[in-house]
1. From the list Val14, Val53, which one is hydrophobic (A, V, I, L, M, F, W, C), farther than 14 Å from Thr109 by Cα and touching a residue at least 24 places away in the same chain (Cβ under 8 Å)?
2. Does the range 104-114 contain any residue that is in a helix (DSSP H, G or I) and either under 19 Å from Tyr12 (Cα atoms) or touching a His at 6+ places or on another chain (Cβ under 8 Å) (or both)?
3. For the range 356-371, indicate whether the set of residues that are in contact with a strand residue (DSSP E or B) (Cβ under 6 Å, 6 or more places away or on another chain), farther than 15 Å from Glu413 by Cβ and at pLDDT 95 or above is non-empty.
4. Against the conditions (1) out of contact with any helix residue (DSSP H, G or I) (no Cβ under 8 Å at 6 or more places or on another chain); (2) free of Cβ contacts under 8 Å to residues at least 12 places away in the same chain; (3) not hydrophobic (A, V, I, L, M, F, W, C), where does Glu97 fall short? Just the number, please.
5. Just to be sure, is Arg374 among the charged types (D, E, K, R), surrounded by 19 or more Cβ atoms within 10 Å (Cβ to Cβ) and in contact with a Pro (Cβ under 8 Å, 6 or more places away or on another chain)?
6. Gly30: modelled with pLDDT of 90 or more, surrounded by fewer than 13 Cβ atoms within 10 Å (Cβ to Cβ) and of a type in the set (Gly, Ala, Ser), yes or no?
7. Is it the case that some residue within the range 66-83 is within 24 Å of Leu453 (Cβ to Cβ), at pLDDT below 95, open to solvent by 70 Å² or more (accessible area, probe 1.4 Å) and under 26 Å from the mean Cα position of the chain (by Cα)?
8. Restricting attention to the range 423-464, and to residues there that are part of a helix (DSSP H, G or I) and among the aliphatic types (A, V, I, L, M), which single residue is farthest from the chain's Cα centre (by Cα)?
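The values are calculated or read from the model by the stated rules, or taken from the named source; none is laboratory data. All values reported here derive from a predicted model rather than from experimental measurement. Note that we place each Cβ from the backbone using ideal geometry, even for glycine, and neighbour counts take in every protein chain shown. When the accessible area is computed, the model is the full protein with side chains, heavy atoms only, and any ligands, DNA or RNA have been set aside. Shrake-Rupley method; radii C 1.70, N 1.55, O 1.52, S 1.80 Å.
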Amino acid sequence: MKLELIGHDEKYAVEQSLLTLFPDERPVYGPITDEDASAARITLTEDADSVCVTTELRCGGKAAADCYSYPLSGTDYEKEGQRRHALGLSFFRAAKEVLGVTPAWGSLTGVRPSKVAVSLLREGKAPAAVLTELEEVYSVTPQRARLALEAAETGLRVQNDLKPNDISLYVGIPFCPTRCAYCSFVAQSVEKSFALVEPYLAALFDEIEQAGAMVRSLGLHIKSFYMGGGTPTTLTAEQMDRLLTRLERSFDFTSLAESTIEAGRPDTIDPEKLAVLRAHGVTRVSVNPQTMEDRVLAAIGRRHTADDIRRAMREVMAAGFPHVNMDLIAGLPEDTPEGFRRSLDEVLSMGADNITVHTLSLKKGSRITLEGSRIPSADEVAEMLDYADPTLRKHGFEPYYLYRQKYMSGSFENVGWTRPGGEGLYNIYIMEELHSILSLGAGGSTKMVGSGLIRRAFNAKYPREYIDLAEKRSANLAAFADFYREPEEHT
């Protein structure tokens, strides 16, 4: 779509709306001509008190125009957000006329759809007023508005329990038994990179020792610990024992509220590994079947069956972890609404107190995208999610965090559901950006949060690079230390 921006250069706000509302279009910038069949001219004007955005849009033989005004107030940073709000809403309202449909999340395009609800609650608005504004101003459906409000309320409640020096710790294990068709992560198949596992652990142990010393010197406290990947339980029981032992020696975990390990793939789970996790005080494991349909498992490249998932869950439940999570994905290749319903119903019978329902994200670099695999339509995905919400609520689950990704089927959402008292704190901390996350290992993305400022530092993506680039690992830790040693720069 040809985009002509007049009076501003807010490409990000416009592109977010474009990709959400017109997923098959890509932005091209320049003056619009009569020959441009797909185009939008977005004009911004403002005075001291308000901003006005006019959008003239045409696509698919239809055309529409919209003018939206919004008051300007507060700091320069706040005014910048108000301009983006006006740009997004004006583009959305014109697009809605052209498309003739309203997406489930209305004009909200960001990763964190609960962000608006959080802001409104902090302003002192009652929950009912928040729902009304989400539905009437942002055109969010009642079901999604309720999800956003519930996630916002949980985040604010959890935030009240945090102390200024609390942080979370993430450790990444970038190895899996095989690569799933929907995956675009840096995780490598151990069958192709087995020789890298031990060198990777050696490099990781070095980073853990440096990070532990830094955290102690800064007087920080680890509130939650999360080991993800990849699939951490790709490691042997002995390797996992060494890794957890090194972490316990390097960090003070006396303030730890939860310890989570992604067991993930059932073909990596056995009683010996589970015993190691329990011996080290792990409080939560995640078993991620994604589906209980054998033909769908085969389509996404899993080398296990639904029976393997059933066996793994029996072993996990027998091990006695306080909390167990299971993941499902709506919209996987070869799945159907009926198949998704069967999967959810069976997962509900297995005893997990956390169930995360993802929507398939068609990520660049995934095999699904590269091979053009057939996937369920947006309407079929909507049917899957419309079954999940009331069914989970009926079984005593409540939503506690949610987020969105680019290129999601139907522009829907990922939602974490829990029975009361089973919230995964790490998920809330990272999604609501409540405090810093120190990330170790390949692909680690450290997020530094303080005084309204967020900074990031990234480790090397691939195991080989991570092993070789010791200086980069040290530089990222130094950036984290500087962030806490120079707080005056964060205001």
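1. Exactly one of Val14, Val53 is hydrophobic (A, V, I, L, M, F, W, C), farther than 14 Å from Thr109 by Cα and touching a residue at least 24 places away in the same chain (Cβ under 8 Å), namely Val53.
2. Scanning the range 104-114 turns up no residue that is in a helix (DSSP H, G or I) and either under 19 Å from Tyr12 (Cα atoms) or touching a His at 6+ places or on another chain (Cβ under 8 Å) (or both).
3. no
4. (2)
5. For Arg374, the condition - among the charged types (D, E, K, R), surrounded by 19 or more Cβ atoms within 10 Å (Cβ to Cβ) and in contact with a Pro (Cβ under 8 Å, 6 or more places away or on another chain) - is not met.
6. Against the criterion (modelled with pLDDT of 90 or more, surrounded by fewer than 13 Cβ atoms within 10 Å (Cβ to Cβ) and of a type in the set (Gly, Ala, Ser)), Gly30 qualifies.
7. Looking through the range 66-83, at least one residue is within 24 Å of Leu453 (Cβ to Cβ), at pLDDT below 95, open to solvent by 70 Å² or more (accessible area, probe 1.4 Å) and under 26 Å from the mean Cα position of the chain (by Cα).
8. Top of the filtered list is Leu425.
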